[in-house]
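Participant: Please see the structure below; I have some questions.
The values are calculated or read from the model by the stated rules, or taken from the named source; none is laboratory data. As the structure is a prediction and not an experimental result, all values here were calculated from the model. Counting neighbours? That spans all protein chains shown, and the Cβs are built from the backbone with ideal geometry, glycine included. Note: areas computed on protein heavy atoms with side chains; ligands, DNA, RNA excluded. Shrake-Rupley method; radii C 1.70, N 1.55, O 1.52, S 1.80 Å.
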Amino acid sequence: MNIKKSILLRVRIAFLMVLLFCMGIFYRIIKVQYVEGAEWKALAQTIGMKVMKVDATRGNIYSDNGSLLATSLPYYRVAFDPSLPDDRLYESNIDSLSYLLAGFYKDMSQTAYKRKIDEARKNKRQYLMLSRKEIGYQDKKKIENWPIFREGRLRGGVIFEKVEKRILPFSHLGYRTIGTVNDENRGVVGLEYSFNRQLAGKNGQMLYQKMSGGGWKPVYDGTETRPVDGYDVETTIDINIQDIAESALYRALVSHQADYGTVVVMEVKTGEIKAMSNLSRNPEGKYYERYNYAVGSQGSREPGSTFKLASMIALLEDTNLNLDDTIDTGNGELNFFEEVMRDHKPGGYGVLTLKEVFENSSNIGIAKLVTRHFNKDPQRFIDYLYDMGLSQPIGFQMVGEGKPYIKTPADSSWSGTSLPWMSHGYELKMTPLQTLTLYNAVANNGKMIQPIIVKSIRKADKVVEEFKTKTLNSAICSKSTLKKMQIMLEGVVEQGTAKNINNTKYKVAGKTGTAKTVINGKYTNQYYTSFAGYFPAEQPRYSCIVVIDDPKGFQIYGSDVSAPVFKEIADKIYATEMDLHNATLVKNRDFTGIFPVVRSGNRDDLTLICNELGISNHSDESAAPWVKTDIVNNSIFWKSNAISHQIVPDVRGMTLRDALYVLENNGLEVEVYGHGRVVGQSLNPGSKISSIKKIRISLG
Amino acid sequence: MNTLKEWAYRNMKGDPVIWFIIILLSVLSILVVYSATGSLAYKMMEGNTEYYLMKHSALVLLSMVSIWLAHRIDYRYYSGISRLLLWISVPLLVITWKFGTNINEASRWITIPFINQAFQPSDLAKLALLVTLASMLSRRQLKISDFQNAIIPMLVWIGIICGLIALTDVSSAILLFLTCMLMLFIGRVPVKYLVMLVLIGGFSGYVALSIGQRGDTAISRINEFLDDTPSYQARQAYVAMATGGVFGKGPGQSDQRNYLPSAYSDFIYAIIIEEYGIIGGILVLLLYLALLYRGMKTAIQSDRPYAGLLAAGLSFAIVLQALVNMGVAVGLGPITGLPLPFVSMGGTSQLFMGIAVGIILSVSRGELENVGKPMNNQYKEAA
């Protein structure tokens, strides 16, 4: 047989084998479909596989000192499979179970519960929700021990469905700032929304198979994905300051029957928001946190006189005016084209110095100064505002920051009255937080920094992402202008519109604001009052803005409505923060006579402690790591305490930690008696370490 | 239409039936994989179902390109290339075993630096071994019964490569071993030596099982198969087939894809039957048979033993793997984890399958030019 023929023969044999295998496959297909078909189709019916979500635990929100502001806790809904308990168990206990249910939920009578459960059992239902009310873990433990239920899931039929609920341990405090989540555990407003991505984590999923009993059992088929728990958010909110701010605001809103109010407290140096409170009135006249007016676009309003700060900066930067230069504000009425501008004081202020214009918040004064100087080139004025950074959102961490609106002469809405009206805070829009950022810059020596409310994103103790203070504008104006502005802001409280909140303990600097509200394009007699400033003015620590919209009654001005809230907040913070008080108090405290016990130990440690406490200490030249002490006059003298191999060291006077380290390093076994410092040791110092390796030390 | 025909005629040389079969399988592949990766897409890509469609289509296209490139090269060159690749694949397999990427707890992949593509050196080794074997067999046809000189060198290579692959992937190693045996059988190695080969294979298999990573898996899968109640995967596959009926549920209508693990690779045949019915299942089976038949025809028409053995060996290798995959899906054997060639979703293995078909096509178009001396027909010399 030739080679080719032989090969071909073998190829054909192999092909036949393959053909045979194909027949086998065909046979199996037919068999699975027609012989076993019914069985597999039945399995398909009951297979009841479901890929279900495994919820990731949402991260927590913390205050600046680690208090929980928002966390997720497990809650339970109680359901019942009435088909599971056997007749004897059921009949003898159903009455007492119904009684307990009625007593616990208080939504149906005992007989109604019994009827409902009996009927479900008669209809062989496997699932009955007893109440939609979500109960806590403690209640769950209690219910687990009720009759029938105490037999467990399989014999007693009780079903606890876990739901995670978002809990705010400080309830209403900062409610809107912290934010809320919806039923799907997704943040909808506030920090919960702005940081939802970090807080949410990633849900996992797992394949579950329905069991004949009605429950679901996970199928570990290697395709499951584990949930990744969310990160924690560490905020800058100080719970105490938040509480102070919120209650002060609340009282003011109630007494003035105002529409809404907002307070923001910010740390001057860092830009950290220590409190952010927003309260709005609902139709029943109650106040609650609904919208974040401090940040959001609804809070972007015509600021009124607080904006004179910006106008004055522009004026001082562009001119060489002095604080005691004067301007005639006339009889309190001034016509600009067809519009009439009025001052607050009937009859007008007459001639005022620049400082008095600001302190008394004379609209005519500032408008006259600004128009006189910038009328030829209004764009210059706008340029100053833009350069300060007032035209741009500050890029706050919370989503939905309102955009400031400052128009330019190029805008179609620009008119002859734009410049004078803008000079005292009309025809432009800013949010309270943006205004506060400007005031904070004045307090912070001209450096404008971005407010922050979230310091870091954490996973347990590990920092995942850190947010640092960002500088928006390293100098909003010259040093001399800044100094003048600070003097004028202090003057407002000392002898100006806000002198009602002046006090002797510490200085407050700030500016009142009262703006008429525009409704349907017309200025009405509704007012938007505010006070923005910082304290203590000598060494600014906090800046704060208070806004109260539409106060009713006879008090309608920023000085009467908002400024007192500012004072209350400032007073309380000042009272609680010891280190804001005069440093002289601390210096007088008497420390003499308290001398720490330092006898023997590690030289670096002891030197560090003594230097830290300001205790004079010296040593001989040798740099021995272990030392004993001598007292020479009022200072400590380090004597070397030689520790050498094979010699029993002297550990008397050491702390236990040091003694153990030294002794065990020399190969000794240590037994310890008592507590305190080492007072005695069983082996003599300086003797050779023999075969006896055991040493007893007594502490006292 | 005509221009397309002309273009195909100009560019797709070799057996047009093989081209046709591969294109049919590729189209089916894209349809079924798109359907079967639905739940995978939800799990891994947050519901971006197009991700796997695009990725798989790209790979299908790539394997077509590799077929085209491979079929343009004269098949005689493959002998030398494959010998070189065989040497390279030995260290690659060792590296993979020691340092490879773990996917499903088996390190079968190494990631190529720079292009960051996971690739299975066993695919390369398999192809290189088969081509080398064809060349070695053909050169030894005249002294094929000489065990010492003719058969030993081949056995050494088979033993090394199968053994190394078995360290990480027992099923592939067994399949490759069987394919090699079939090739030796076709290449006129006396049956008594084949028995010896089985012994060597069995021994190296045993060693690999005891020191490799996958021994336990292999044993548990075999136990599972011998056990009376089918495993979870197998039951889901049977449900898929049973509910498919004669005509199937229609493209993209599978229910079992959600419950059947690896529906897009190991068990894709079950999904094909579910969606396209017995008709579809038989059609796919026939396509592979036709591929094998055309491969054999190529072998018969070739002039040299090397060409014949090459075409026959590679055709059998492809089709055997297909049959094993289908056999597993219908419950004829234990779960192997082998993909269905040209249909399953699977990275570089698609590429190497493409090259294998390309080589068969290259054989079918014959020698491109006479290299140096007049064409000598070794069959005649041998006879």
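Participant: Between region A:281-324 and region A:439-513, what's the alpha-carbon centroid distance in Å?
Facilitator: 14 Å
Participant: Here's another thing I want to ask about it. Which distance in nm do the two modelled labels at A:ILE30 and A:ARG251 give, with both placed 7 Å along the Cα-to-Cβ direction?
Facilitator: My value for the distance between the label points is 9.4 nm.
Participant: When the Cα centres of region B:290-344 and region A:325-343 are compared, how far apart do they sit, in Å?
Facilitator: What the calculation gives is 99 Å, centre to centre.
Participant: A further question on this structure: Can you order the peptides A:14-21, A:405-412 by their average number of other Cβ atoms within 10 Å per residue, highest first?
Facilitator: With the highest mean Cβ count within 10 Å placed first, the list reads A:14-21, A:405-412.
Participant: Which value in deg cm²/dmol, rounded to the nearest 500, describes the helix-derived mean residue ellipticity at 222 nm for the protein assembly as shown, given -39,500 (n - 2.57) per DSSP H run of n ≥ 4 and division by the residue count?
Facilitator: Here the helix-only value at 222 nm equals -15000 deg cm²/dmol.
Participant: May I pose another question? Length gain on complete extension for the stretch A:HIS172 to A:THR270, per 0.36 nm per residue less the alpha carbon to alpha carbon distance?
Facilitator: Here the answer is 32.6 nm.
Participant: Here's a follow-up. Can you list the lysines whose alpha carbon sits under 22 Å from that of A:LYS628, skipping same-chain ones fewer than 8 residues off?
Facilitator: The qualifying lysines are A:LYS639, A:LYS688.
Participant: Please enumerate, by chain and number, the aspartates and glutamates with C-alpha under 15 Å from the C-alpha of B:LYS55, excluding those fewer than 8 residues away in the same chain.
Facilitator: Result set, ordered by chain and number: empty.
Participant: Can you run phi through the Karplus equation (6.51, -1.76, 1.60; θ = phi - 60°) for region A:400-409 and list ³J(HN,Hα) in whole Hz, with x for Gly and Pro?
Facilitator: Couplings: x, 5, x, 8, x, 10, 10, 7, 10, x Hz.
Participant: Also, quick follow-up: Say each of A:THR319 and A:ASN203 gets a label point 7 Å from the Cα, pointing the same way as Cα to Cβ; how far apart are those two points in nm?
Facilitator: The answer from the label model is 6.4 nm.
Participant: Give the relative contact order (percent, whole number) for region A:56-235; include only Cα pairs under 8 Å separated by 6+ residues.
Facilitator: Here the relative contact order equals 32 percent.
Participant: To the nearest whole number, what is the average tally of beta carbon atoms from other chains within 10 Å of the beta carbons of peptide A:199-208?
Facilitator: Going residue by residue through A:199-208 and averaging, the value is 1.
Participant: Over all residues in A:15-21, what is the mean tally of Cβ atoms on other chains that come within 10 Å of each residue's Cβ?
Facilitator: Counting other chains' Cβ atoms within 10 Å and averaging over A:15-21 gives 5.
Participant: From the cross-link list A:LYS345/A:LYS429; A:LYS345/A:LYS499; A:LYS355/A:LYS516; A:LYS470/A:LYS567; A:LYS308/A:LYS572; A:LYS447/A:LYS468, which pairs have alpha carbons spaced over 21 Å apart?
Facilitator: Cα-Cα > 21 Å for A:LYS345/A:LYS429; A:LYS355/A:LYS516; A:LYS470/A:LYS567; A:LYS308/A:LYS572; rest within.
Participant: Another question, then. Filter the trypsin sites (Lys or Arg not before Pro) in region A:311-392 to those in DSSP coil with at most 16 other Cβ atoms within 10 Å of their Cβ, and list the result.
Facilitator: A:LYS376
Participant: Hey, got the average number of other protein chain Cβ atoms within 10 angstrom for residues in A:29-36?
Facilitator: Mean partner-chain Cβ count within 10 Å for A:29-36: 6.
Participant: Now, a different point. How far is it, in nm, from the label point at A:GLU338 to the one at A:ASP183 when both lie 7 Å from their Cα along the line to the Cβ?
Facilitator: 5.6 nm
Participant: While we're here: Across 10 Å bins from the origin, how do the percents of Cα pairs in region A:461-561 run, short distances first?
Facilitator: The calculated distribution, bin by bin, is 14, 33, 27, 19, 7, 1.
Participant: Under the 0.36 nm per residue contour assumption, what length would be gained going from the current alpha-carbon distance of A:ASP411 and A:LEU68 to full extension?
Facilitator: Full-extension gain reported as 118.6 nm.
Participant: What longest range of chain A stays clear of loop-exposed GluC sites (Glu not before Pro) (DSSP non-H/G/I/E/B, at most 10 other C-beta within 10 angstrom)?
Facilitator: The longest such stretch corresponds to A:339-620.
Participant: State the three equivalent ellipsoid semi-axes of region A:46-140, derived from the C-alpha gyration tensor as the square roots of 5 times its eigenvalues, in descending order and whole Å.
Facilitator: 35, 21, 10
Participant: Assigning unit charges at the beta carbon (Lys, Arg +1; Asp, Glu -1) and nothing else, what dipole magnitude in debye, to the nearest 20, does region A:242-580 show about its Cα centre?
Facilitator: 480 debye
Participant: Show the residues, 5+ positions off or on another chain, whose built amide H is closer than 5 Å to the amide H of A:SER131.
Facilitator: When sequence neighbours closer than 5 places are left aside, the close amide H contacts are A:VAL78.
Participant: What number does region B:157-201 give for Rg over Rh if you use C-alpha atoms and the Kirkwood radius?
Facilitator: The Rg/Rh ratio comes out at 0.98.
Participant: With θ taken as phi - 60° and the coefficients 6.51, -1.76 and 1.60, list the Karplus ³J(HN,Hα) couplings across region B:336-347 in order, rounded to whole Hz; mark glycine and proline as x.
Facilitator: Coupling constants for region B:336-347: 10, x, 8, x, 7, x, 6, 10, 5, 7, x, x Hz.
Participant: Which one of A:THR180, B:GLY80, A:LEU19 has its Cα pushed farthest toward the positive end of the charge dipole of the protein assembly as shown, where Lys and Arg give +1 and Asp and Glu give -1 at the Cβ?
Facilitator: A:LEU19
Participant: Return the long-range amide H neighbours of A:ALA275 (sequence gap of 5 or more, or a different chain), with a cut-off of under 5 Å between placed amide H atoms.
Facilitator: A:ASP238, A:VAL265
Participant: Tell me, what is a quarter of the convex hull surface for the C-alpha atoms of region A:242-580, in nm² with one decimal?
Facilitator: For region A:242-580, averaging the hull's shadow over all directions gives 17.9 nm².
Participant: Quick one: check the C-alpha center-to-center distance for region A:523-550 versus region A:643-680, whole angstrom.
Facilitator: 64 Å
Participant: Which whole-Hz couplings ³J(HN,Hα) result when phi for each residue of region A:12-22 is put into the Karplus expression 6.51 cos²θ - 1.76 cosθ + 1.60, θ = phi - 60°, listed in order with x for Gly and Pro?
Facilitator: Once rounded to whole Hz, the list reads 5, 4, 4, 4, 4, 4, 4, 4, 4, 5, 4.
Participant: Over the heavy atoms of A:PHE160, what accessible area does a 1.4 Å probe trace out, to the nearest 10 Å²?
Facilitator: My reading of the accessible area for A:PHE160 is about 50 Å².
Participant: Expressed as a rounded percentage, what relative contact order does region A:242-580 have, with Cα pairs under 8 Å and six or more residues apart?
Facilitator: It comes to 22 percent, rounded to a whole number.
Participant: What's the FRET efficiency of A:LYS124 with B:TYR51 using the Cβ-Cβ distance as r and R₀ = 60 Å, to the nearest 0.05?
Facilitator: 0.85
Participant: Would you be so kind as to identify which of A:GLY558, B:ILE67, A:VAL268 lies farthest towards the positive end of the dipole of the protein assembly as shown, taking Lys and Arg as +1 and Asp and Glu as -1 on Cβ and the Cα centre as origin?
Facilitator: Working it through, the farthest residue towards the positive pole turns out to be B:ILE67.
Participant: Can you give me the long-range amide H partners of A:GLY332? Hydrogens built in the peptide plane at 1.01 Å from N, cutoff under 5 Å, separation of 5 or more residues or another chain.
Facilitator: Here A:TYR349, A:GLY350 satisfy the definition.
Participant: I would also like to ask the following. Roughly what percent of Cα-Cα pairs across region A:56-235 reach past 27 Å?
Facilitator: Looking at region A:56-235, the distances longer than 27 Å represent 44 percent of pairs.
Participant: Note down, for region B:227-318, the three equivalent ellipsoid semi-axes (square root of 5 times each alpha carbon gyration tensor eigenvalue), biggest first, whole angstrom.
Facilitator: 35, 15, 10
Participant: I would also like to ask the following. Using the heavy atoms of the protein chains alone and a 1.4 angstrom probe, what is the accessible area of the protein assembly as shown per residue in square angstrom?
Facilitator: Computed with neighbouring chains in place, this is 47 Å² per residue.
Participant: Determine the relative contact order of chain A: mean sequence separation of Cα pairs under 8 Å and six or more apart, normalised by residue count, in whole percent.
Facilitator: For chain A, the relative contact order is 10 percent.
Participant: For chain A, give me the percentage of DSSP beta bridges that are antiparallel, rounded to the nearest 5 percent.
Facilitator: Percentage antiparallel, nearest 5: 90.
Participant: Quote the accessible area belonging to A:ARG176 in square angstrom, nearest 10, computed with a 1.4 Å probe and with ligands, DNA and RNA left uncounted.
Facilitator: 30 Å²
Participant: Moving to a separate point now. Along each of the three principal axes of the Cα atoms of chain A, give the extent in whole Å, ordering the values from largest to smallest.
Facilitator: 119, 90, 90
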